[in-house]
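First up is the structure itself, then whatever we jot down about it.
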Amino acid sequence: MNQKSLLSVRNIHKTYDGDGFKVQALKDVSFGLAEGELVAIMGTSGSGKSTLLNIISSLDTPSSGTIELKGKVMDNIFVEPHATHYRRENIGFVFQSFHLLNDLSVEENMAIPLILQGASEAEIQHKVQDMLTLLGLASWRKKRPVQLSGGQQQRVAIGRALITNPPLLLADEPTGNLDYNTSKEILEALVEMRGAFNQSMIIVTHDPNVAVYADRVLFFHDGQIVDQYESSGERKMDPILNIFKKMMELSA
Ligand SMILES: Nc1ncnc2c1ncn2[C@@H]1O[C@H](COP(=O)(O)OP(=O)(O)OP(=O)(O)O)[C@@H](O)[C@H]1O
């Protein structure tokens, strides 16, 4: 795998300070992500996983700390219009509930990010065609999302997320609404996309069956990274049972 660094999350703190409450959602979180690396984030409920994804994607502002992309500190991404530009250029999103537009066809859904980027009609046609083929959706191109199975809808969402070749894919519980076999199919599609585009990915998941596909699993608890498993290097990725055990330990 290419080990060039893509993302550095450095010393991120996030405190929500409201009327009569203060929540430290993230406490000094740091980690790196290489090009082509797939990192899974697991952790107890309320441990800060969504807050972290929101900060990496500039939807939320850290209290302190920095986000570096390709060696450059992204110091203006938390203010508009830079935030929208940063997201459009750098980040693809996949959500648990697909977030497809039901009034549009499969191919129109996939084309949306290209239209927002101002791509030409020829480029849109060419890229959508390639992505439909890659994801095995070519014969479904004219259908509406509601006419598709959950797994097919999530594949459309993956295609839409990656159609502009963003350096980073963020997936928040991408298999949360899917059964075991369909989840496996979606993970295999994501792994295939990684192969096709050397795609870096961060996947938040509660499911150890998903986490085992990752190169690295970061475990969050109470706003901090408390442990990690790696599939290579010193500490081998433990089998699925050990990921379960770790999660049970954190939830105790
Ligand atoms: N906008 C907000 N205002 C105040 N507190 C918030 C806000 N968003 C998140 N929090 C708090 O920050 C902490 C971390 O929340 P976060 O949603 O990041 O956790 P999570 O690990 O994604 O949880 P889950 O697995 O249940 O989705 C929680 O205590 C949560 O209540």
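The values are calculated or read from the model by the stated rules, or taken from the named source; none is laboratory data. Computed from a predicted structure; not experimentally measured. With ideal geometry, Cβ positions are generated from the backbone for all residues, glycine too; neighbour counts draw on all protein chains shown.
So is G159 out of contact with any Pro (no Cβ under 9 Å at 6 or more places or on another chain), closer than 29 Å to N209 by Cα, modelled with pLDDT of 95 or more and of a type outside the set (V, I, T) or not?
Yes.
Would you check which residues across region 111-148 are of a type in the set (D, E, K, R) and over 22 Å from the mean Cα position of the chain (by Cα) and list them?
Listed by number, the residues that qualify are E121, E123, R141, K142, K143, R144.
Do we have any residue at all in region 99-106 that's within 18 Å of the chain's Cα centre (by Cα) and either more than 25 Å from L33 (Cβ to Cβ) or in contact (Cβ under 8 Å) with a residue 60 or more places away in the chain (or both)?
Scanning region 99-106, I find at least one residue that is within 18 Å of the chain's Cα centre (by Cα) and either more than 25 Å from L33 (Cβ to Cβ) or in contact (Cβ under 8 Å) with a residue 60 or more places away in the chain (or both), so the answer is yes.
For region 95-110, name all the residues that are in contact with a Lys or Arg (Cβ under 7 Å, 6 or more places away or on another chain) and either of a type in the set (S, T, N, Q) or more than 19 Å from S139 (Cα to Cα) (or both).
N102, S105, N109
Under the condition of being within 14 Å of the ligand (Cβ to nearest atom) and of a type in the set (S, T, N, Q), which residue from region 172-228 is nearest to A157 (Cα to Cα)?
T205
Scan region 27-50 residue by residue and report those that are touching a Lys or Arg at 6+ places or on another chain (Cβ under 8 Å) and among the acidic types (D, E).
Within region 27-50, E35, E37 meet the criteria.
Quick check on V9: is it assigned to a strand (DSSP E or B), more than 8 Å from the ligand (Cβ to nearest atom) and surrounded by fewer than 22 Cβ atoms within 10 Å (Cβ to Cβ)?
yes
Does region 24-41 hold any residues that are within 12 Å of the ligand (Cβ to nearest atom) and either over 23 Å from E230 (Cβ atoms) or not charged (D, E, K, R) (or both), and which are they?
If the condition is that a residue be within 12 Å of the ligand (Cβ to nearest atom) and either over 23 Å from E230 (Cβ atoms) or not charged (D, E, K, R) (or both), then Q24, A25, L26, V29, I41 are the ones that fit.
Any chance region 15-30 includes a residue that's under 23 Å from I186 (Cβ atoms) and out of contact with any His (no Cβ under 9 Å at 6 or more places or on another chain)?
The answer is no, given that none of the residues of region 15-30 is under 23 Å from I186 (Cβ atoms) and out of contact with any His (no Cβ under 9 Å at 6 or more places or on another chain).
Could you say whether any residue in region 38-61 is surrounded by fewer than 17 Cβ atoms within 10 Å (Cβ to Cβ) and part of a strand (DSSP E or B)?
No.
Say whether the condition of being in contact with a helix residue (DSSP H, G or I) (Cβ under 9 Å, 6 or more places away or on another chain), assigned to a loop (DSSP other than H, G, I, E, B), at pLDDT 95 or above and within 16 Å of the ligand (Cβ to nearest atom) is met by at least one residue in region 62-70.
yes
Among the candidates T51, T15, T44, which residue alone is within 15 Å of the ligand (Cβ to nearest atom), of a type in the set (S, T, Y), modelled with pLDDT of 95 or more and under 19 Å from the mean Cα position of the chain (by Cα)?
Step by step, each of T51, T15, T44 is checked, and only T51 is within 15 Å of the ligand (Cβ to nearest atom), of a type in the set (S, T, Y), modelled with pLDDT of 95 or more and under 19 Å from the mean Cα position of the chain (by Cα).
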